[in-house]
Amino acid sequence: MNQSEIPVKFFEKEKIGRKKGIVLTDNLFKLNEGKQFQNLGYEVEARWRLIETAWSLNLSPSLLEVHYDENSNIFFIENEKIRRTDVTSARDALNGYQKGKCFYCFDDISVESLSDNLGDIDHFFPHTLQGQVKINLNGVWNLVLACKSCNRGTNGKFARVPTMKLLERLHKRNSFFIESHHPLRETLIIQTGKREVDRVSFLKTMDSIAINHLIHRWQPFYEHSPVF
């Protein structure tokens, strides 16, 4: 991948005579040993639905612009040529980067709808700012998965502005989706800028607006060991 070997392989190519195939490695089956395994099926399905939807509409996945419906927590596509098409759960799609962890404190979360630790879809910059800015705070760029404690617990974020350290984490998350050519790549570029310098400037401007209106910074009381 990108002219280098990746450290963990889930399959290897095999050729016997004229026959070609793949051999699954033990690393694939070891996924079953981790807590993230419960979320893996949802994550894979979400990524596939994003790509499959683009194909069904005769679009390149790289041209897919995704919107968020906060009432149903669904990602959908819609424009002047295409009527609204629901694509996938926002939780399932966002979890690909967060690996079953809260964006802020790295505590375990789930994307299973009936789970006791179901992750909240949180607006990094509080949605209460929407009346103060023209930028769409429901954009994928501003959505993360958070545990209930960080989002709305006793010491939760609520309408406070995350610290600069967390802002850098958001930029890193968005960059991951863009640089890995994830199906959400084009959406993030449209929303935040084509060049990294533009995306950094975009987030810094948003942070300046947010702190001027909301005054207070926030960070989780405790963080587990980082995983992303």
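The values are calculated or read from the model by the stated rules, or taken from the named source; none is laboratory data. Since the model is a prediction, treat every value here as computed from it, not as a measurement. Cβ sites come from the backbone with ideal geometry, for glycine too, and all protein chains shown count toward neighbours. Note: areas computed on protein heavy atoms with side chains; ligands, DNA, RNA excluded. Shrake-Rupley method; radii C 1.70, N 1.55, O 1.52, S 1.80 Å.
If the condition is being among the small types (G, A, S) and either touching a Gly at 6+ places or on another chain (Cβ under 9 Å) or open to solvent by 40 Å² or more (accessible area, probe 1.4 Å) (or both), then the range 74-100 contributes only G100. On the basis of being basic (K, R), assigned to a helix (DSSP H, G or I) and within 28 Å of E45 (Cα to Cα), does K165 make the cut? Spelling it out, it is not the case that K165 is basic (K, R), assigned to a helix (DSSP H, G or I) and within 28 Å of E45 (Cα to Cα). Can you name the residue in the range 157-179 that is over 12 Å from the mean Cα position of the chain (by Cα) and without any contact (Cβ under 8 Å) to a residue 24 or more places away in the chain and is also nearest to G119 (Cα to Cα) among such residues? The qualifying residue nearest to G119 (Cα to Cα) is E168. Answer yes or no: is there a residue in the range 97-120 that is part of a strand (DSSP E or B), of a type outside the set (A, V, I, L, M, F, W, C) and closer than 30 Å to H213 by Cα. Checked the range 97-120: at least one residue is part of a strand (DSSP E or B), of a type outside the set (A, V, I, L, M, F, W, C) and closer than 30 Å to H213 by Cα.
Okay, residues lined up against (1) farther than 26 Å from D107 by Cα; (2) among the basic types (K, R); (3) loosely packed, with under 13 Cβ neighbours inside 10 Å; (4) over 15 Å from the mean Cα position of the chain (by Cα):
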{"position": "N155", "(1), (2), (3), (4)": "no, no, yes, yes"}
{"position": "H181", "(1), (2), (3), (4)": "yes, no, yes, no"}
{"position": "E186", "(1), (2), (3), (4)": "yes, no, no, no"}
{"position": "K194", "(1), (2), (3), (4)": "yes, yes, yes, yes"}
{"position": "T205", "(1), (2), (3), (4)": "yes, no, yes, yes"}
{"position": "H213", "(1), (2), (3), (4)": "yes, no, no, yes"}
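Examine the range 179-194 for a residue that is out of contact with any Leu (no Cβ under 7 Å at 6 or more places or on another chain), among the charged types (D, E, K, R) and within 21 Å of R47 (Cα to Cα), and state whether such a residue exists. Yes: one or more hits.
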